[in-house]
1. Normalised by the number of residues in the range 23-170, what is the relative contact order in percent for Cα pairs under 8 Å and 6+ residues apart?
2. Any idea of Arg167's accessible area? Nearest 10 Å², probe 1.4 Å.
3. If ligands, DNA and RNA are left out, what is the accessible area of Met329 with a 1.4 Å probe, given in Å² to the nearest 10?
4. In vacuo Debye scattering of the range 128-244, one point per C-alpha: log10 I(q)/I(0) at q = 0.16, 0.18, 0.22 Å⁻¹?
5. Could you sort the peptides 417-424, 171-178 by per-residue average Cβ neighbour count (10 Å cutoff), highest mean leading?
6. First check a/c for the range 370-478, with a ≥ b ≥ c the square roots of the eigenvalues of its C-alpha gyration tensor; if it is under 1.5, answer rounded, and if not, answer prolate when a/b is larger than b/c or oblate otherwise.
7. Give the value in nm², to one decimal: projected area of the alpha carbon convex hull of the range 39-147, averaged over all directions.
8. Rounded to the nearest 5, what % of DSSP beta bridges with both residues in the chain are antiparallel?
Amino acid sequence: MLNLYNYTMRPFCQSTLIISNILFIIISSCSHSATTIKIQLNMTKAIEDGWLDESIEQVGLRGDQFPLKWDETYLATKTKKPGIYMVEIPLDFTGDSIELAYKIKVEGEDNPDDGWQQGRNHQLIIYKNKDKMVNLSWEDEAQAPLPTITGNVHVIDNFESKYLPKRDIHIYLPPDYSSSNKPYKALYMHDGQNLFDASEIGQEWGLDEAAEKLIKSKQIDPLIIIGIGNTKDRIEEYTPTRQIWNHTFYNKGSESKNKDQKPMEYETKDGLKLKLAGHSDSLKVIIPGYEDWQLLEMINDSSYFLAQAGISFNFNPSVNSVTASKKPMGGKGNLYEQFLIEELKPYIDSTYRTKKQAQYSAIGGSSLGGLISLHIGLKHPDHFGKLVIASPSLWWDNKYMLDWVKSIPPNNQQKLWLYVGTGEGKQTVHNLSDFKEMLIKLGWPKKSIAHIEVENALHNEGAWKEQASAILEFVSED
């Protein structure tokens, strides 16, 4: 999820494989069905307001079911009518239905709210083999779903920090908290508004329901869950480095744009590689760090744009090169770390009955939240004994984390729970596997790393919700 949020329970078949001392679980889904949804986007209000320039800006959707993603824009096609766009989305899913969360996103510069449609995510239930047509206007507001909180969950509004903007803190307390005097283990999770209540963003992890069930059935020890709300600066706060992506790639061939030919490879002077290939009137690319082809949008004869990654490509035929660049972003992870270690955790420990030792404290999150959990957790084993890492964005800043982890000493006390769905893409799966192997190579004990791959699971709250019980069982273990 990027700046926004993201869902769906579905049946699955399960098999378990133990390799050496590493717990490696593969969960296989059963059947699939392809359905197409068409959404007409009406952007006339944005044009009337004077900020949408159709000649240079692109309109599309972001969402939580592949091929929609929260960190990439799925571009719509402009129709002959001013301000009207059409997007056709093929959905391949397991089970009888899925729930889709989505929003309009405009790709361009200096747009209000960075081009995001405001308000809650729009929701749509998609049924197997039933195509659907939907009309969506820029000014449409999604209806608020009913609250779904289970158990004792309360919110600290606008928790203050000297490092970062205010944010809400969502806290789940176990059923026996008010009737006992005992201390509890604590789990700190990022994207806190996604954990307990679907009315905030339309979807949730369901950690409150899972905790209530497991605690009352005595399958786990009671624990406190602290959900740290995100802000509009989510990307900035959840990333440990400032990503500056600006490279010039060179090719020794005779043409810099490769239409209807075999893929051509370009390379920077320091060895970073880019692949380009053409088909008919389109141009596609494989950018460094990825394995999949992505379609480029033509701006003019020498300029193209990759909306999914926000990268502009400019060709220079005279030197047979292409310059690829994107807007710098991220790098406030150190401030987020200070907020968490110096302000929030001391407040929680002094206000609630927590077990303060590291072995009883866990930190976790998904996507960029998984990335920052790895960075803070591995850096502070004196504060966090367990790390819950779901679908981490290890692609960030040219896989910065795979080099950074070499700079810290291995820890034989920490335990890691690593999760990814194969539906998130080959590169995401490989990045997590490579990171795990790097940890082991550097000296982390094999038995301390649980590595879970769920076949066909996507990058969304629905997939992570299915892991809620496993996460809480991991945190509860001694």
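The values are calculated or read from the model by the stated rules, or taken from the named source; none is laboratory data. The structure displayed is predicted, hence computed values, not measured ones. A quick note on method: Cβ atoms are made from the backbone with ideal geometry, for glycine too, and the neighbour counts reach across all protein chains shown. Keep in mind that these areas ignore ligands, DNA and RNA; they rest on the heavy atoms of the full protein, side chains included. Shrake-Rupley method; radii C 1.70, N 1.55, O 1.52, S 1.80 Å.
1. Numbers: 260 pairs, mean separation 40.4, N = 148.
Reported relative contact order: 27 percent.
2. 10 Å²
3. Estimated to the nearest 10 Å², Met329 gives 50 Å².
4. Reported log10 I(q)/I(0), two decimals: -0.89, -1.01, -1.23.
5. Working: 417-424: 23.5, 171-178: 16.9.
My ranking of the peptides, most packed first, is 417-424, 171-178.
6. Values: a/c = 1.79, a/b = 1.18, b/c = 1.51.
Cα axes put the range 370-478 in the oblate bin.
7. It is 7.5 nm².
8. Numbers: 76 of 114 bridges.
Here the antiparallel bridges make up roughly 65 percent for the chain.
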